[in-house]
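Single-structure report; data block below.
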């Protein structure tokens, strides 16, 4: 075991993805000592690098696995998991998704291909101010947490990313293979919460058309949830 792994394995960084600042706070000594310790640990495999300045200990020094969603949050703080990744997580699409895709609050698309945790992508969307986390929940994943879009938020994020225009439910049930029962389970309040989120008219039109398709306007004298 390297000196660095020995030092970190008993601290609060052992089961986390951590950055240079957290590493600096956890290691005594100056930059030269820290650089030497990190270099040796990377060389012997006890320390793993996800990207420049972002690390985790090898699995043999951790008590449990780190979920890719938690790793995504560490790779780009402020992001949240969405698109097909969140839809698969919620059981809305049947196919396994091997790419962890997130929405970034920044303006650039970023991608990281790691041999340790797999592939990650981060995409910007045109979202109104103060609406970034509407329909996004904090989920506990073992000892860590991550922000994950609700099924409807993930779906409309995907619409925004692909610039998909509404035709009918076929794109959802045939192309994405979403079970119609999932769509019919969406409540009116969920649709209402997203109506102020997106900047683009086409996205809002899709949201409205989807609501009308699965939650038709009630006839006079009746009500719908």
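Overview of results
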item	result
Residue of 147, 69, 206 that the Gaussian network model of the chain assigns the largest fluctuation, springs spanning Cα pairs under 10 Å	206
Largest-first ellipsoid semi-axes for the range 5-138, taking √(5λ) over the Cα gyration tensor eigenvalues, angstrom	30, 17, 13
The chain, relative contact order [Cα under 8 Å, separation at least 6], %	16
Cα shape, the range 52-100, gyration tensor, a/c 1.5 rule	oblate
Helix 31-44 axis, angle to the chain major axis (alpha carbon atoms, nearest 10°)	80
DSSP bridge orientation in the chain - percent antiparallel, rounded to nearest 5	75
Sequence of 13, 87 once ranked by neighbouring C-beta atoms within 10 Å, starting from the fewest	13, 87
Values of log10 I(q)/I(0), in the order q = 0.24 Å⁻¹, for the range 3-61 under a Debye, Cα-only, solvent-free model	-0.98
When the convex hull of its Cα atoms is projected in every direction, mean area for the chain (nm²)	14.3
MRE, 222 nm, helices only [DSSP H, n ≥ 4, -39500 (n - 2.57), over the chain, to nearest 500]	-10000 deg cm²/dmol
Inter-part distance where the range 137-192 and the range 1-68 are each reduced to a Cα centre, Å	36
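Quick note: the coordinates plus some simple rules give every number you see, no bench work behind them. The structure presented is a predicted model; accordingly, all values stated were derived computationally and were not measured. Cβ coordinates were reconstructed from backbone atoms using ideal geometry, including for glycine residues, and neighbour counts include every protein chain displayed.
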